[in-house]
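Colleague: Got a structure here, written out as C-alpha cells. Questions coming.
The values are calculated or read from the model by the stated rules, or taken from the named source; none is laboratory data. Computed from a prediction, not measured in an experiment: that's the story for all the values here. Here the Cβ is made from the backbone with ideal geometry for all residues, glycine too, and neighbour counts use every protein chain on show.
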Amino acid sequence: MVNGSASGPCAAGSQSLGPSPWLHRLRDGSLRLVRQLRSYYCSVRLPAFVHHRLSVFPSRCDQPVRFNLNQHVTEVSKLLERSLGEHTTLSLELASVSSTVMVDPDQINNTLLNLVINSRDAMPSGGSLKIETHDVMLDAQMAAGIPDAHAGEFVNLSVTDSGQGMAPEVLRRAVEPFFTTKESGKGTGLGLSSVYGFVRQSGGFLNITSEVGKGTSVSIFLPHAV
Ligand SMILES: Nc1ncnc2c1ncn2[C@@H]1O[C@H](COP(=O)(O)OP(=O)(O)O)[C@@H](O)[C@H]1O
Ligand SMILES: [Mg+2]
C-alpha cells in the first residue's frame with residue numbers, strides 16, 4: 001500500500017531507490033539553483049504546444065496554494081496525453097479520497113511533465129502510462145522502512161510506465177543533478193533532481209522502483225493539507 005513497488009510493472013525483484021545520501025546534504029541555495037534550472041529545462045525540453053497550453057495555468061511563483069490534486073491531475077492529463085505518441089495509452093486511477101495538498105501548482109505541472117517525458121523517452125515504441133493517486137497514512141514504524149519517509153498523512157501521486165526500466169546503477173543515480181543516460185542535446189539530468197527538490201521542500205518524499213525490461217514507477221508523497 002505504501003510503496004508503489006508492491007504491484008504493477010515493478011513488482012517483486014525490482015530495485016528500489018532511496019535518494020543518494022549526498023542529496024540529503026543539499027542546502028537551500030543548491031535547491032534554489034536546481035529549481036531555476038528546472039524551469040529552464042522545462043521551457044526548452046517540452047513540446048511547444050504543451051508548454052504553451054500549460055502557461056494558461058497562472059504562474060504563482062512558487063506560492064503554495066491549497067488545491068485538489070485529483071482535479072488538477074484530471075485537467076492536466078488531457079494536455080499530457082498529447083505529448084505521448086499515438087502508441088502510448090494514458091490511464092488515470094485517482095483513488096485518493098482526500099487529495100487536498102498545499103504546494104505550488106506550477107511545481108506539480110513541472111513534476112508531471114518531467115515524469116511523463118521520461119516515460120515517453122523510455123517507451124520509444126509505445127506502451128502504457130498510468131497516473132495514480134492514493135491516500136497513505138504512515139506511522140513511525142512503517143516510515144522507518146522507507147528511505148526518506150516520515151510519519152504522517154500523505155497524498156501519493158505515482159507515474160508508472162511499461163518502458164525499458166533502469167539498471168540498478170542507473171536507478172541509484174537517477175535523482176542526481178545532471179545525471180543522464182540520454183545523448184547530448186536530449187537529456188539534461190535535471191528532471192528527477194528537480195522533482196526530488198520540490199518534494200523534499202514540500203515536506204514529502206519520493207520513491208522510485210524500476211526493473212529492466214518491465215518499467216518504472218515514480219511515486220511522490222505530499223503531505224495532506226488540513
Ligand atoms: N521512466 C524512466 N524509465 C527509464 N529510465 C528513466 C526514467 N526516468 C528517468 N530515467 C533515467 O534517469 C535519468 C535521469 O532522468 P532525468 O533527471 O529526468 O534526466 P534526463 O531525462 O534529462 O536524462 C535518465 O537519463 C534515465 O536514464
Ligand atoms: Mg527527464
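Colleague: Starting from region 109-125, keep only residues that are within 10 Å of Leu80 (Cβ to Cβ) and among the acidic types (Asp, Glu), then list their pairs with residues that are modelled with pLDDT under 95 and more than 7 Å from ligand 1 (Cβ to nearest atom) whose Cβ atoms are within a distance under 6 Å, requiring at least 6 positions of separation or different chains.
Modeller: none
Here is a yes/no grid of residues against (1) away from ligand 2 (no atom under 15 Å from the Cβ); (2) touching a helix residue (DSSP H, G or I) at 6+ places or on another chain (Cβ under 6 Å); (3) β-branched (Val, Ile, Thr):
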site: Thr88; (1), (2), (3): yes, no, yes
site: Val97; (1), (2), (3): yes, no, yes
site: Gln107; (1), (2), (3): yes, yes, no
site: Asn110; (1), (2), (3): no, yes, no
site: Met123; (1), (2), (3): no, no, no
site: His134; (1), (2), (3): yes, no, no
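Colleague: Being within 15 Å of ligand 1 (Cβ to nearest atom), within 10 Å of the chain's Cα centre (by Cα) and crowded, with 19+ Cβ neighbours inside 10 Å: is that true of Ile208 here?
Modeller: yes
Colleague: Can you tell me which of Ser202, Ser162 is more than 9 Å from ligand 1 (Cβ to nearest atom), farther than 22 Å from Met123 by Cβ and of a type in the set (Ser, Thr, Tyr)?
Modeller: Every option except Ser202 fails the conditions.
Colleague: Out of region 174-196, which residues are within 27 Å of His150 (Cβ to Cβ) and either of a type in the set (A, V, I, L, M, F, W, C) or surrounded by 24 or more Cβ atoms within 10 Å (Cβ to Cβ) (or both)?
Modeller: Within region 174-196, Ala174, Val175, Phe179, Leu190, Gly191, Leu192, Ser193, Ser194, Val195, Tyr196 meet the criteria.
Colleague: Next up: For region 148-165, check the following and say yes or no: at least one residue is within 12 Å of ligand 2 (Cβ to nearest atom), at negative phi and crowded, with 22+ Cβ neighbours inside 10 Å.
Modeller: Yes, that holds for at least one residue.
Colleague: Can you give me the number of residues within region 173-184 that are more than 6 Å from ligand 1 (Cβ to nearest atom), at pLDDT 95 or above and part of a loop (DSSP other than H, G, I, E, B)?
Modeller: Adding up the residues that qualify gives 4.
Colleague: Something else now. Of all residues in region 185-215, how many are part of a loop (DSSP other than H, G, I, E, B), within 14 Å of ligand 2 (Cβ to nearest atom) and either of a type in the set (Gly, Ala, Ser) or at positive phi (or both)?
Modeller: 3
Colleague: Also: Looking at this structure, is Leu79 away from ligand 1 (no atom under 12 Å from the Cβ), surrounded by 20 or more Cβ atoms within 10 Å (Cβ to Cβ) and more than 15 Å from the chain's Cα centre (by Cα)?
Modeller: It is true that Leu79 is away from ligand 1 (no atom under 12 Å from the Cβ), surrounded by 20 or more Cβ atoms within 10 Å (Cβ to Cβ) and more than 15 Å from the chain's Cα centre (by Cα).
Colleague: Can you find even one residue in region 103-119 that is out of contact with any strand residue (DSSP E or B) (no Cβ under 6 Å at 6 or more places or on another chain), surrounded by fewer than 18 Cβ atoms within 10 Å (Cβ to Cβ) and either closer than 25 Å to Ala225 by Cβ or among the polar types (S, T, N, Q) (or both)?
Modeller: Checked region 103-119: no residue is out of contact with any strand residue (DSSP E or B) (no Cβ under 6 Å at 6 or more places or on another chain), surrounded by fewer than 18 Cβ atoms within 10 Å (Cβ to Cβ) and either closer than 25 Å to Ala225 by Cβ or among the polar types (S, T, N, Q) (or both).
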